[in-house]
Amino acid sequence: MGVRTMAFWSNWGRSAWRQFDSGDASGVVELTKRNATISLTKQGAATGNLRINLSWQMRTSDFNSRAGRGSLRHPLRMFKPEPVQAQGPAMVNVDLDLAVMYELKSGAKGVVQPLGEFFGNLNEPPYIKLSGDDRFGSGSGETVYVNMDHKDDIKRLLVFVYIYDGTPAFDRTHGLVTLYPSNGPRVEIPLDERAPQARSCAVVLIENVKGEMTVRREVKYVYGFQAELDRLYGWGLQWGRGYKSKV
């Protein structure tokens, strides 16, 4: 029972964690196609650390549909995680990664990502730090910190998510990227659009425009990985194939 109930409590913990961490569940701004931009400078959040979190679920459960499938006869069935279905019979077993391409005012360019263990540095260039690699869709997910006290050194940051391994099915992983500025409401960008076979998604672009730090929703899905996003946004980096160590 302990193993089967894990997904249930993990899903519940994700929701509770989000509300607890924000401190105010109502202090939320969701970036949409119609309202795609927010200014961190205008809300007094262009200092301190900007925290960017990716949370997602490897699998999901439909408790309502289970109620009519003999839950009284098999009470433990409701706690058993059910495979998420992409197009066709494939079970979704996904490893989502949070990453940031950066370009500094000095001209330095690069990426902070789990692949290759490019975890960055918060107090030295690139002033971005990845907390670690979540391979299993836990409640806390993956988090990137951006040192906004060095905003004058930053030209632009592209926050993106890619499916390192598993079935391409962004709409079934319940992916959510949340920005926690040092001041003002948290900013949410759901990754729930249907994008069959897409393996990467440019989520938001953070830019320093004449001293003003702005966040713009992108949510552009591509079929390739970092190199395709690089071409889309004209970053100009050189990319090679990489792998993660086995767990």
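Structural remarks
- Taking every residue in segment 213-225 that is closer than 14 Å to Ile52 by Cα and pairing it with any residue that is among the basic types (Lys, Arg) and surrounded by fewer than 19 Cβ atoms within 10 Å (Cβ to Cβ), at least 6 positions away or on another chain, the pairs with Cβ-Cβ distances below 9 Å are Arg217/Lys33.
- Count of residues meeting criterion [part of a strand (DSSP E or B), touching a strand residue (DSSP E or B) at 6+ places or on another chain (Cβ under 7 Å) and farther than 16 Å from Ala99 by Cβ] in segment 177-219: 13
- Tallying residues that are under 19 Å from Val215 (Cα atoms) and open to solvent by less than 20 Å² (accessible area, probe 1.4 Å) within segment 142-152 yields 5.
- Candidate set from segment 47-60 (those that are part of a loop (DSSP other than H, G, I, E, B) and under 21 Å from the mean Cα position of the chain (by Cα)); member that is modelled with the lowest pLDDT: Arg59
- Residues (among the polar types (S, T, N, Q) and touching a Ser or Thr at 6+ places or on another chain (Cβ under 7 Å)) located in segment 146-177: none
- In segment 153-190, the residues that are without any contact (Cβ under 8 Å) to a residue 60 or more places away in the chain and open to solvent by less than 20 Å² (accessible area, probe 1.4 Å): Ile154, Leu157, Phe170
The values are calculated or read from the model by the stated rules, or taken from the named source; none is laboratory data. Predicted model only: the values in this text are computed from it and were never measured. All Cβ positions, glycine included, derive from the backbone under ideal geometry; neighbour counts span all protein chains shown. Areas reflect the complete protein model, heavy atoms only, side chains present, ligands, DNA and RNA absent. Shrake-Rupley method; radii C 1.70, N 1.55, O 1.52, S 1.80 Å.
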